[in-house]
1. As a test, work out the antiparallel percent of DSSP beta bridges whose residues both lie in the chain, rounded to the nearest 5.
2. Run the helix sum for the chain: -39,500 (n - 2.57) per DSSP H stretch of 4+ residues, divided by residue count, reported at 222 nm to the nearest 500 deg cm²/dmol.
3. Can you run phi through the Karplus equation (6.51, -1.76, 1.60; θ = phi - 60°) for the stretch 144-155 and list ³J(HN,Hα) in whole Hz, with x for Gly and Pro?
4. Which is farthest toward the positive dipole end of the chain among ALA150, GLY327, LEU186, measuring Cα position about the Cα centre, with Cβ charges +1 (Lys, Arg) and -1 (Asp, Glu)?
5. Run the simple label-point estimate for GLU290 and LYS232 please: 7 Å along Cα→C-beta, distance reported in nm.
6. What number, in percent, do you get for the relative contact order of the chain if the mean sequence gap of Cα pairs under 8 Å and at least 6 apart is divided by its residue count?
7. Given 0.36 nm per residue, what is the gain on full extension from ARG242 to ALA26 after removing their alpha carbon distance, in nm?
8. Could you rank the peptides 200-208, 284-292 by their average count of other C-beta atoms within 10 Å per residue, with the highest value first?
Amino acid sequence: MTPLLTREEVHARLQEIFPDGAPNRAYLTRMLAASTVFVALYIDAVEGSGTYLGPKHVYRMTDEQAARTDDADRAVYATGVLRTGSQVEGRRWYQDNTREPIRDETLREGLVAIGAVTERTDLATTSSKPRYALKAGFGALFDPDLTGEALQVRITAWQAEALNKGALARLAIVRRGAGVSADQVLVTFPNGETRRMKPGPSSEITKAVVEVFAPTFLADPTVLFLSESGNKVVARDDELARSIGLAIQADRNLPDTILVDLGPTHPLLVFVEVVATDGPISERRKEALEALVAETGFPAEHVAFVTAFLDRSAGPFKKTVDSLAWGSYAWFAAEPERLVVFSQAPGGLQGRP
């Protein structure tokens, strides 16, 4: 049978195979996923072996059974655990009610959806027979002898083969945005001018806001104000601000970026907060910015609020999502053509949030 890593080693390897930016990463990298992959390898439920995994294999597993790694013990467990009344030494990893999360989240919405696990198609949907097996290329990533650079090469090759273009692009963007570089970040404005910002994740997200978000969602975008952490003003256009009736006061706790869409009959003002760790457009922050705009006489109906993140699968979004203000938007550099709307309008999805 297939050589085995420990469940903990499988868990660690899943983090490498499915880094930040991977679709449904939470389902693919939690301990329940590691348990599922470990048990599939334990019973040799790998494509081509003729053995298949069911949720029962996972939730009936124990530490004592997992420690029995000779072929005979593994084969006995693969078939014996499915029999009614069978006993397994030790305390179960999970209770029976974990069946649905294993089947629906870890397998169908996670490993099957991403192309790591195959599912039998010759069984009725109501059948209780095991139906899942690791695809051969995915299972090979858990070879205990595969380590270091050789492992990274195999992971990269598997990702290129198994993931679709959108998923690969998202991984690339997240890797680039989360990377630490000693070089300054060069930001190109819509009018072709450039500015340099100090390196770091916040600057990478800001660059994406200016170069990708603005031309994607605004008809005729321009940068009114741009700052970086430490309150250093990178760009400020007071003349344009005055022309649309807005007084910019940099000491008034302005957001990281202010964009203006000059395309509509009345310009649209877009306040953007960049979140690499914390600091989204919360309800309190939105109210403060609305008060600032009201003082200038700029119409509230022509103002939008956006919080920009690197990726929705990463910690900063998960940490702050419950504090994002109703009537605002969330945008992710890793999925640049999508925009999340936190609608506060009764009656549905029409119009602005």
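The values are calculated or read from the model by the stated rules, or taken from the named source; none is laboratory data. Values in this document were obtained by computation on a predicted structure and should not be read as measured data. Cβ placement follows ideal geometry from the backbone for every residue including glycine, while neighbour counts extend to all protein chains displayed. Ligands, DNA and RNA are stripped out before the accessible areas are found, and what is left, the full protein with its side chains, is counted by its heavy atoms. Shrake-Rupley method; radii C 1.70, N 1.55, O 1.52, S 1.80 Å.
1. If I count the DSSP bridges inside the chain, around 70 percent turn out antiparallel.
2. Theoretical 222 nm ellipticity from helices: -9000 deg cm²/dmol.
3. Values per residue, Gly and Pro as x: x, 7, 8, 9, x, 5, 4, 5, 4, 5, 5, 4 Hz.
4. Value: ALA150.
5. Between GLU290 and LYS232, the label points sit 3.5 nm apart.
6. On the way: 571 pairs, mean separation 45.6, N = 353.
Reported relative contact order: 13 percent.
7. Here the answer is 73.1 nm.
8. Numbers: 200-208: 22.4, 284-292: 16.1.
Highest to lowest by the protection proxy: 200-208, 284-292.
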